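Colleague: This is the structure I want to talk about, given as structure tokens.
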Amino acid sequence: MAGWPERKNEALDVGVAYDAMRAFLEIWWRQGNCSEDEIAGLLGSLNRGHNTGPLDPALWDDWLKAVDVARAGAVGTPPLN
């Protein structure tokens, strides 16, 4: 992936960013990814190079979905998919 994907420059306050990460992890968990090895795999896939998005581009889409959920105030309100 060359450079950051869309929406990179959107601003989030600290509370919304926290809620977005929680929503992101819940979405990911609901997809059946919950073992210790899978969490380690997720962290590896979230790594990024200089000025690029995550190594796994699909995670960026999941993150944007989580941001939208957090902005809507719907964190913890099933379903998050």
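Please treat every number below as a calculation from the coordinates, not as lab data. Since this is a predicted model, take the numbers as computed values, not measurements. Glycine gets a Cβ as well: all are built from the backbone with ideal geometry, and neighbour counts include every protein chain shown.
Colleague: Enumerate the pairs (first residue in the stretch 24-36 and free of Cβ contacts under 8 Å to residues at least 12 places away in the same chain and more than 20 Å from residue 72 (Cβ to Cβ); second residue anywhere and hydrophobic (A, V, I, L, M, F, W, C) and in a helix (DSSP H, G or I)) with beta-carbon separation below 7 Å, excluding pairs fewer than 6 apart on the same chain, so at least 6 apart or on different chains.
Modeller: Here the result reads 33/42, each pair linking the stretch 24-36 to a residue that is hydrophobic (A, V, I, L, M, F, W, C) and in a helix (DSSP H, G or I).
Colleague: If we keep just the residues of the stretch 52-74 that are surrounded by fewer than 19 Cβ atoms within 10 Å (Cβ to Cβ) and not in a helix (DSSP H, G or I), which is nearest to the chain's Cα centre (by Cα)?
Modeller: 56
Colleague: Do you know which residues across the stretch 22-44 are surrounded by 15 or more Cβ atoms within 10 Å (Cβ to Cβ) and either in contact with a helix residue (DSSP H, G or I) (Cβ under 7 Å, 6 or more places away or on another chain) or of a type in the set (A, V, I, L, M, F, W, C) (or both)?
Modeller: Result: 23, 24, 25, 27, 28, 42.
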